[in-house]
Amino acid sequence: MSKARGASMVRAIFMTEEQIAELVEKARLDGELWAVLKDRELNQFSDDGSAKLPSIAMAVGDFVVGLYGAEHGYEIGSLIIALRFHIRQELGLPV
C-alpha cells in the first residue's frame with residue numbers, strides 16, 4: 001500500500017522464550033481458554049463442516065490482547081506453536 005492511502009508498515013515484536021513460557025503458564029491457568037485450545041487441537045470443525053469459532057489464532061489473539069492491550073504489536077505465531085506443543089503433549093498426541 002502506498003502512503004497516499006494512509007498505510008504504514010508496522011514491525012512485529014517477537015516474544016522472548018521466557019515471555020512465551022510465562023504466557024503458556026498463564027494460558028494453562030485460564031480454564032476456559034485451555035479447554036477451547038484443546039478442543040480446537042482435536043477438531044477444528046463442527047459436525048456441519050463449518051469452522052469452530054473462535055479458531056486457535058483468534059483465541060490466542062484475544063488472550064494476548066487481554067494481557068497487553070489491542071496495540072501490543074506482538075507476533076503471536078511462536079506462542080501458538082508453543083501452546084499447541086503443550087496441548088498436544090497433554091492430550092497424548094504426537095508432537
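The values are calculated or read from the model by the stated rules, or taken from the named source; none is laboratory data. If you're wondering where the values come from, they're calculated on a predicted model, not measured in any experiment. Cβ coordinates were reconstructed from backbone atoms using ideal geometry, including for glycine residues, and neighbour counts include every protein chain displayed. Ligands, DNA and RNA are excluded from the accessible area calculation, which covers all protein heavy atoms including side chains. Shrake-Rupley method; radii C 1.70, N 1.55, O 1.52, S 1.80 Å.
Structure values in brief
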{"quantity": "Restricting region 8-29 to residues that are more than 13 Å from the chain's Cα centre (by Cα) and assigned to a loop (DSSP other than H, G, I, E, B), the residue that is farthest from His86 (Cα to Cα)", "calculated": "Ser8"}
{"quantity": "Hits in region 36-68 - residues which are assigned to a helix (DSSP H, G or I) and more than 15 Å from the chain's Cα centre (by Cα)", "calculated": "Leu42"}
{"quantity": "Any hit, region 46-55, residues being modelled with pLDDT of 95 or more and under 20 Å from Ala21 (Cα atoms)", "calculated": "no"}
{"quantity": "Condition broken by Glu71, with the remaining ones in (1) in a helix (DSSP H, G or I); (2) open to solvent by 50 Å² or more (accessible area, probe 1.4 Å); (3) closer than 25 Å to Ile13 by Cβ satisfied", "calculated": "(1)"}
{"quantity": "Within region 51-79, considering residues that are touching a residue at least 24 places away in the same chain (Cβ under 8 Å) and among the small types (Gly, Ala, Ser), the one nearest to Arg28 (Cα to Cα)", "calculated": "Ala59"}
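Residues checked against (1) open to solvent by 50 Å² or more (accessible area, probe 1.4 Å); (2) free of Cβ contacts under 8 Å to residues at least 40 places away in the same chain:
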{"site": "Val10", "(1), (2)": "yes, no"}
{"site": "Ile13", "(1), (2)": "yes, no"}
{"site": "Ala27", "(1), (2)": "no, no"}
{"site": "Arg40", "(1), (2)": "no, yes"}
{"site": "Gln44", "(1), (2)": "yes, yes"}
{"site": "Ile81", "(1), (2)": "yes, yes"}
{"site": "Ile87", "(1), (2)": "no, no"}
